[in-house]
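Everything on this sheet refers to the single structure shown next.
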Amino acid sequence: MIGVMPRSLVEREIQHLQLSELHIVATMHERKAKMAELADGFIALPGGAGTLEEIFEQWTWAQLGIHRKPCGFLNTNGYFEPLRTMIGRMAEEGFLSPEHASMLVFDTKPAAILDAFRDYSPPLAKWQAPPNADPLPQTVIRIVAALVLDGAGRVLLVRKKGTRAFMQPGGKLLDSESHLAALERELVEELKCSVRPGSPAFLGTYTAQAANENGCLVEAALYRVELVGTITPSSEIEEAVWLDASIPTQIELAPLTRETVLPLITRTIGCSEA
């Protein structure tokens, strides 16, 4: 049982004390993005406006091809029948394709919804471009990332909770935050380490497919840094490993790490230290 809660509500409400994990984020927007990242599917229980807003956003993202995860409604005592009728009306009036209307699962039994989720196959995304057409522009996520090497030349990689791919430490920039301020903040939050003063060296800005946000690109400002302190995975980081870039690995790597960082280590940094 994983909870995601904005800090403002943690300060005003009683949070569940028996969760396996609790992610505290800055805003409601970040809350929904984090839930979308961690979840394999979405089920709405009977609720009010907030429930509808959150499940409809995930359904909309699925229609647009931002993710390929199923959405369902636990239809206890027929609670969602009027909504189901309204969705049918949307399709009848031409505001919604029948394929996208049928994406939703309605059932009174949780087990039946999960069974339908296992068999779920998403339809073509809304406004999907025909073959040979120019692709739609992708959302760009701007981040700052750290290249950290140990004495043996191995690179430090981390894996977030609920994900599979290992990647560079770092993260998104806050409003008006500088690269180095963001990097320092992320490393303290994620690894309980700080950047050794004078060590950051800018290696360039690189773009790759995002590892955990479907349909998005990451634009990473990459810095080589040295750390101060004992590396301790914290916050959203599940695991940290040291990887020898010269040896083939079986672990899953984020596209930025696989396509850019490891070749950069072999091609540039390895040569300069030889």
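Accessible area per residue (1.4 Å probe, heavy atoms of protein chains only) ranks Y206, Y223, Y79 as Y79, Y206, Y223, with the largest value leading. Here's how it looks for C216: its modeled amide H is under 5 Å from those of A210, which are all 5 or more places away or on a different chain. If you plug the beta carbon distance of N214 and A116 into 1/(1 + (r/R0)^6) with R0 = 22 Å, you get a FRET efficiency near 0.60.
Each label point was placed 7 Å from the Cα along the Cα-to-Cβ direction; for A33 and E226 their separation is 3.4 nm.
A 1.4 Å probe, protein heavy atoms only, puts the accessible area of H16 near 110 Å². Note on exposure: F117, F95 ranked by accessible area (1.4 Å probe, complete protein assembly) read F95, F117, with the most exposed listed first. Residues whose amide H comes within less than 5 Å of that of V25, counting only those at least five positions distant or on another chain, are M5, R7 (H built at 1.01 Å from N in the peptide plane). Applying both filters, DSSP loop and at most 14 other Cβ atoms within 10 Å, to the chymotrypsin sites (Phe, Trp or Tyr not before Pro) of the range 12-70 eliminates every site.
Each residue of the range 28-35 was assigned a 3J(HN,Hα) from its phi angle through the Karplus expression (A = 6.51, B = -1.76, C = 1.60, θ = phi - 60°), giving 5, 4, 5, 4, 5, 5, 5, 4 Hz with x at Gly and Pro.
Annotation: per residue accessible area for the range 64-127 equals 64 Å², rounded to a whole number [probe 1.4 Å, protein chains only].
Remind me, relative contact order of the chain in percent, using alpha carbon pairs under 8 angstrom and six or more residues apart? Numbers along the way, then the final one.
On the way: 424 pairs, mean separation 42.2, N = 274.
Relative contact order of the chain: 15 percent.
Probing with 1.4 Å while keeping every protein chain in the model, the per residue accessible area of the range 165-218 equals 49 Å².
Our estimate of slack between D40 and L174, defined as 0.36 nm per intervening residue step minus the Cα-Cα distance, is 45.5 nm. Bridgeable aspartates and glutamates around K69 (alpha carbons under 13 Å apart, same-chain partners fewer than 8 residues away excluded): E37, D40, E57, D119, E213.
Report the number of Lys pairs in the range 90-238 whose alpha-carbons are under 24 Å apart, with separation of 8 or more residues or on distinct chains. Total qualifying Lys-Lys pairs in the range 90-238 comes to 5. Scalar couplings 3J(HN,Hα) for the range 67-73, obtained by applying the Karplus form with A = 6.51, B = -1.76, C = 1.60 to θ = phi - 60°, are 9, 10, 9, x, 10, x, 10 Hz; x denotes Gly and Pro.
Could you tell me what percent of the DSSP beta bridges with both partners in the chain are antiparallel, to the nearest 5? The answer is about 50 percent antiparallel. Restricting the GluC sites (Glu not before Pro) of the range 1-92 to loop positions (DSSP other than H, G, I, E, B) with no more than 15 neighbouring Cβ atoms within 10 Å leaves E13.
Carbon and sulfur atoms: what percent of the 1.4 Å accessible area of the chain do they account for?
54 percent
With all protein chains kept in place, the per residue accessible area of the range 1-57 amounts to 65 square angstrom at a probe of 1.4 angstrom.
So how strong a dipole does the range 156-274 carry about its Cα centre when Lys and Arg Cβ are +1 and Asp and Glu Cβ are -1, to the nearest 20 debye?
Rounded to the nearest 20 debye, it is 180 debye.
Close amide H pairs (under 5 Å, H built 1.01 Å from N) link A44 with G72, F73, L74, residues at least 5 positions away or on another chain. Placing unit charges on the Cβ atoms of the charged side chains and taking the dipole of the chain about its Cα centre, the candidate lying farthest along the positive direction among F106, S178, L147 is L147. Helix-only arithmetic for the chain: the sum of -39500 (n - 2.57) across DSSP H runs with n ≥ 4, divided by the residue total, places the mean residue ellipticity at 222 nm at -8000 deg cm²/dmol. This model, with +1 at the C-beta of Lys and Arg and -1 at the C-beta of Asp and Glu, gives the chain a dipole about its Cα centre of some 220 debye.
3J(HN,Hα) couplings calculated from phi for the range 159-175 with the Karplus curve 6.51 cos²θ - 1.76 cosθ + 1.60 (θ = phi - 60°) are, in sequence order, 10, 7, 4, x, 10, 10, 7, 8, 8, 6, x, x, x, 6, 8, 7, 3 Hz; Gly and Pro show x. If the segment from E238 to Q250 were pulled out straight at 0.36 nm per residue, it would be longer than the present Cα-Cα gap by 2.5 nm.
The values are calculated or read from the model by the stated rules, or taken from the named source; none is laboratory data. On a predicted model such as this, the values are computed, not experimentally measured, just so you know. Methodologically, a virtual Cβ is constructed for each residue, glycine included, from the backbone with ideal geometry; neighbour enumeration extends over all protein chains shown. Remember, those area values only see protein heavy atoms, side chains included, never the ligands or the DNA or RNA. Shrake-Rupley method; radii C 1.70, N 1.55, O 1.52, S 1.80 Å.
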